[in-house]
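*Asks:* Here you go, one structure.
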Amino acid sequence: MLYTPLSETDIFPTSEKDFSNRHCVSYQGKELFVEQVEDGSYQLLQLLSTDPQDFMNSDYNPGTILR
């Protein structure tokens, strides 16, 4: 058991290939952090915005599939 303020990924980093299919893209005028899935579509991981109203839009919920 480790007693540390560091996160698990700081102690046991994942390989670089796990992040190779993640991208920052512009979609409908919004900046999004997405991950490409096997069928070629993108899954929304994070909305990058300073406008609080953007986060109220259900189109930008994490996990949403973008085509």
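*Asks:* Would you check which residues across the stretch 43-64 are in contact with a Lys or Arg (Cβ under 8 Å, 6 or more places away or on another chain) and within 16 Å of residue 21 (Cα to Cα) and list them?
*Replies:* 45 - this is the single residue of the stretch 43-64 that is in contact with a Lys or Arg (Cβ under 8 Å, 6 or more places away or on another chain) and within 16 Å of residue 21 (Cα to Cα).
*Asks:* If I ask for residues that are hydrophobic (A, V, I, L, M, F, W, C), closer than 22 Å to residue 66 by Cβ and open to solvent by 70 Å² or more (accessible area, probe 1.4 Å), which ones from the stretch 1-47 would you list? I'd like the intermediate steps shown before the answer.
*Replies:* Step one: list which residues in the stretch 1-47 are hydrophobic (A, V, I, L, M, F, W, C), which gives 1-2, 6, 11-12, 19, 24-25, 32-34, 37, 44-45, 47.
Subset that is closer than 22 Å to residue 66 by Cβ: 19, 24-25, 32-34, 37, 44-45, 47.
Residues satisfying the conditions are 19, 24.
The values are calculated or read from the model by the stated rules, or taken from the named source; none is laboratory data. These numbers were taken from a predicted model, which means no experiment stands behind them. Don't worry about glycine lacking a Cβ; one is built from the backbone with ideal geometry, like all the others, and counts go over all protein chains shown. The accessibility values were calculated without ligands, DNA or RNA, using every heavy atom of the protein model including side chains. Shrake-Rupley method; radii C 1.70, N 1.55, O 1.52, S 1.80 Å.
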